[in-house]
Amino acid sequence: MTVNRFNMMVGGAAGLGVKTAGDVLARLCTRAGLHVFGNVEYPSIIRGDHNSYQIVAGEAFQHGHRRELDLLLALDDLSVELHREEIRPGGALIHDSGKGGADLSGLAERGVILAGVPLASIVEEAGGGARLLNAAGLGAVMGLVGLDREALAAAFKDAFARFGDEILAANLAAGRLAWERTSGETAAAFDRRLEPVDAPPRMLVTGNQALAIGAIKAGVKFYAGYPMTPSSTIMTTLARQEREYGLVVKHAEDEISAVGMAVGASVAGARAMTATSGGGFCLMCEFLGLAGMTETPLVLVESQRPGPATGLPTRTEQGDLKFVLSASQGDFPRIVIAPGGPEECFRWGFEAFNLAERYQTPVILLLDKHLSESCWTCAPFATDGLTVDRGAWADAAAPAPGEDQFPRHAATDTGVSPMLRPGTPGATWTTTGDAHDDLGRISEEEADRVRHMDKILGKVRGLDAGAYGWTLHGPAEADLTVVGWGSTTQPILGALDDLAGAPVNFLQVRGMHPFPTGDVARILAGARRTVLVENNATGQLGDLIAERAGVRIDDAILKYSGRQFLVDELAAAIGERLQAPEGR
Amino acid sequence: MDPTRFNRKAKPTWCPGCGNFGIQNALKKALHALELEPHQVLLSTGIGCSGKISHWIGAYGYHGLHGRTLPVAIGMKLANHALTVIAEGGDGDGYSEGMGHFIHACRRNVDITYLVHNNGVFGLTTGQVSPTGDQGFVSSTTPAGALERPFHPLALAVAAGATYVARGFSGDSERLAGLIADAVRHPGFAYVDILQVCVSFNPAKSYKWYRERVFDLNEEGHDPTDRAAALAATEPRADGRLPTGLFYRVEAPTLEAGLPQLAGAPLAERDVAGIDVSPLMEDLV
């Protein structure tokens, strides 16, 4: 009997409540003191097809998901068909025994426990309504993992009380009936148990939620966006806090308007932000350059999904790195950071605002669907040590000597000119997306152009990406160095845990621009063997490293099916390289 | 105090005789009449000859992108609702590239003013037909004459829910100043289309041509509270006369009125240090 280690999946058509059921189970495990990782897979449709929610739980931190399932809750026959081979011997399949449509052949022979529960008739008995199907499924899971009647009632109350007594009672009735079917003999045959352990309180948090909380902590006062998976939950999280935290969240008519409103709010002096995915970012590019040209602070989140075009709208990929680094015409400074987990999403969701104002230029946080929408358990984020730095502001509006306006782009040693909030009495300023002089007046003089370009491009040279732009995980010396970034950080760390003791380490690159060139070059020059791990088709970080650090990483593990690496899949691929002779 | 407090030392680069001078004068007069100080005004301007006006009005000015004055202005106003925010650009800027934003600004009703310099032609790119240019207009991109029909921006604005819809003429700076001042006073999205002469690329529509045709609708008894009458006034007239004045005005709640979080100091002025997010984290435990 193994206690408190689960790899479970809920599967069903869109509209059957897979997400709700998965959230309930993830929360149940979190409340039981376990660490949880949750991965949601769904197609870009509202009803039908197939959704799945995978929950990996254990007493140690869970970096990602794995193939071998301990438990599959199949809310429909298609889920059985798609995932039956993932159930390990000794694992269990909860399926609707009343309908009998699914092909179960060979499963019992493989040692899979067939936990047939008449889900449809239980739903009918409990008062009907397709909405109770997931509740019945939840009851069956709770019975199987050893929850008693009281624990079942408590878990349902936790999950459904907010919908009112009537809905709670109906869900609990369905849950109980299913629980009765699995809690006896079937549970006794199953080799996994959930037993609450003492643990400090932990959040179950997605990357987008973490980032939004970081932004609120930083004092974001204005957010405009246009719904686009997988960025949308940043907007919805902020929108729920609009009144409580005194910010305006505007759903704009398109992404051009969204970034334009954010630029306008920033020009007026408020901390402003927008978020989108690759397609929306395409539309935002012109404003990105305008913010760079006019030295306007801007925080922009690009949560990637597989392109080109609409691509796979609800899946994951790291395919926009090069695009984000070069988007918009001309040269201008941008700060691009790729967080590698929920804590980093929080931290950079906060710091991005400091950087944007300190350097008066766009800061882009690069996430993807996996990081944005998966959830992890984390201790509440530490907020001491987070300091708001609003950069250089003039408090008096004095005109430039001999001039009648405030020098918005005054020459300074750092290239950063004091900002002046519109509304400040005294001299006013103008600025423009045309080439301009120090006063912000249009100028086509060669000397002004060169001075301006040197000024804006020089600003971010003061930012030392070496200090924050990379982390070397694992031993300093290793036979194999894995190189990756962003959301693959977590499955790579999980794979390294699986390979505990093996001579392998992991260089996580976080600062994409400015790039930690010196450190990356040094680490790679000292590495015995290297392998790139990226969730894209061409190895974009590999190209960036070659361009910046002059080191070409020839071996690559790339996945571009629209799904994130599984921890075990990656551990196997890395393990293969550890065993292969040098120079394979 | 006099309108010269809105002057800039820098001199406009518009062509001699450009309609933009009349609009520039009218805007200064209007700001003066409103008893505003330069620091209370923030302009969001577009790309084209018209958009450069923010360089030559003594106020805070942000000269941004082609077609995107309105999103920027809306962001400005929501971030600092104490400011007078004016978006300004041309017909190419606002009716061609930025049309989508125009429609949504009309229905959004943020308390900003939108001035469109409408001369039926792209000036800065040296004379191509705009969405308000005449069908058959011969230009470098339409050598055989424009095939599309012009649209009437005021009809669109009324249909899209704008709460203040007016048209002025660059050659009548006094009357135009009155319309602009009225537009700024109006709580909500106030839009003034300005018939403007382009002496270089649309010389057929000269000051004389316009003066023979423009008239003040309100002097002829038009009721600006009558929506149907406002729409009717946008129909082409058999005699070719061009109505100006206040076409439509209605009191409606501004977008800001629905945002209680704006009560008190503007968002841009609020302290952002030490914000407590622990309740948000507790919600996730």
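Values in this text are rule-based calculations from the coordinates and carry no lab data. Being a predicted model, the structure only gives us computed values, none of them experimental. Here the Cβ is made from the backbone with ideal geometry for all residues, glycine too, and neighbour counts use every protein chain on show.
Put simply, the Cα atoms of chain A extend 90, 62, 43 Å along their principal axes, the longest span coming first. Restricting attention to chain A, close to 35% of DSSP beta bridges with both partner residues there are antiparallel.
Taking other C-beta atoms within 10 Å as the exposure proxy, A:ILE122, A:ILE553, A:ILE216 rank A:ILE553, A:ILE216, A:ILE122 from fewest upward. When a/c is below 1.5 the answer is rounded, else prolate if a/b is larger than b/c, else oblate, so apply that to region A:204-378 with a ≥ b ≥ c taken from the square roots of the Cα gyration tensor eigenvalues. Rounded is the answer for region A:204-378, as its axis ratio a/c remains below 1.5.
Farthest toward the positive end of the dipole of the protein assembly as shown, out of A:CYS345, B:GLY168, A:SER374, is the Cα of B:GLY168, where the dipole comes from beta carbon charges about the Cα centre.
May I ask which of A:LYS19/A:LYS322; A:LYS217/A:LYS250; A:LYS19/A:LYS369; A:LYS157/A:LYS369 have a Cα-Cα span longer than 25 Å here? Table pairs above 25 Å Cα-Cα are A:LYS19/A:LYS322; A:LYS157/A:LYS369.
For region A:392-463, a/c is not less than 1.5, where a ≥ b ≥ c are the root eigenvalues of the C-alpha gyration tensor, and a/b does not top b/c. That puts it in the oblate class.
Estimated from helical segments only, the mean residue ellipticity of chain A at 222 nm is -11000 deg cm²/dmol, where each DSSP H run of four or more residues counts as -39500 (n - 2.57). Where both bridge residues fall in region A:465-579, DSSP classifies roughly 25% of the beta bridges as antiparallel. Please tell me the relative contact order of chain A in percent, rounded to the nearest whole number, where contacts are Cα pairs under 8 Å and at least six residues apart. This gives 12 percent for chain A.
In order along region A:449-466, the phi-based Karplus estimate (6.51 cos²θ - 1.76 cosθ + 1.60, θ = phi - 60°) of 3J(HN,Hα) comes to 4, 5, 4, 5, 4, 4, 5, 6, 6, x, 3, 7, 5, x, 8, 8, 5, x Hz; Gly and Pro are listed as x. Relative contact order, whole percent, for region B:3-282 stands at 18, derived from Cα pairs under 8 Å and 6 or more residues apart. Across peptide B:261-270, the average count of Cβ atoms from other chains found within 10 Å of a residue's Cβ is 6. The separation of region B:44-92 from region A:352-421, counted between C-alpha centres, amounts to 23 Å. Can you tell me how region A:2-193 classifies by the Cα gyration tensor, rounded, prolate or oblate, using a/c under 1.5 as the rounded cut? Rounded is the answer for region A:2-193, as its axis ratio a/c remains below 1.5.
Sorted ascending by nearby beta carbons within 10 Å, beginning with the fewest, A:VAL205, B:VAL72 become A:VAL205, B:VAL72. DSSP bridge analysis restricted to region A:204-378 gives an antiparallel fraction near 15%, rounded to the nearest 5. Look at the dipole of the protein assembly as shown built from charges on Cβ: of A:MET512, A:MET273, B:HIS101, the Cα furthest out on the positive end belongs to B:HIS101. Secondary-structure-derived ellipticity at 222 nm for chain B, considering helices only, amounts to -7500 deg cm²/dmol, per-run term -39500 (n - 2.57) for DSSP H runs with n ≥ 4.
Across region A:531-546, computed HN-Hα scalar couplings (Karplus, 6.51 cos²θ - 1.76 cosθ + 1.60, θ = phi - 60°) run 9, 8, 10, 9, 9, 8, 8, 10, x, 5, 5, x, 5, 5, 5, 4 Hz from first to last residue, x flagging Gly and Pro. Cα centroids of region A:509-584 and region B:220-285: 52 Å apart.
Between B:ASP172, B:ASP271, B:ASP93, the Gaussian network model of chain B with springs among Cα atoms under 10 angstrom shows the greatest mean-square fluctuation at B:ASP271. The trypsin sites (Lys or Arg not before Pro) of region A:454-550 that DSSP puts in a loop, and whose beta carbon has at most 15 other beta carbons within 10 Å, are A:ARG528. Counting other Cβ atoms within 10 Å as a rough exposure proxy, the listed residues A:ARG305, B:ARG185, A:ARG66 run B:ARG185, A:ARG66, A:ARG305 from fewest neighbours to most.
Across B:SER50, B:SER96, B:SER130, mean-square fluctuation computed from a Gaussian network of chain B (C-alpha pairs under 10 Å connected) peaks at B:SER96.
Name the most mobile residue of B:SER44, B:SER173, B:SER206, meaning the one with the largest mean-square fluctuation, in a Gaussian network model of chain B with Cα contacts below 10 Å. Of B:SER44, B:SER173, B:SER206, the most mobile in the Gaussian network model is B:SER206. Note that region A:165-171 has calculated 3J(HN,Hα) couplings of 4, 5, 5, 4, 4, 5, 5 Hz, one per residue in order, obtained from phi through the Karplus relation 6.51 cos²θ - 1.76 cosθ + 1.60 (θ = phi - 60°); glycine and proline are x. Its Cα centre serving as origin, the protein assembly as shown has a Cβ charge dipole (Lys and Arg +1, Asp and Glu -1) of approximately 1060 debye.
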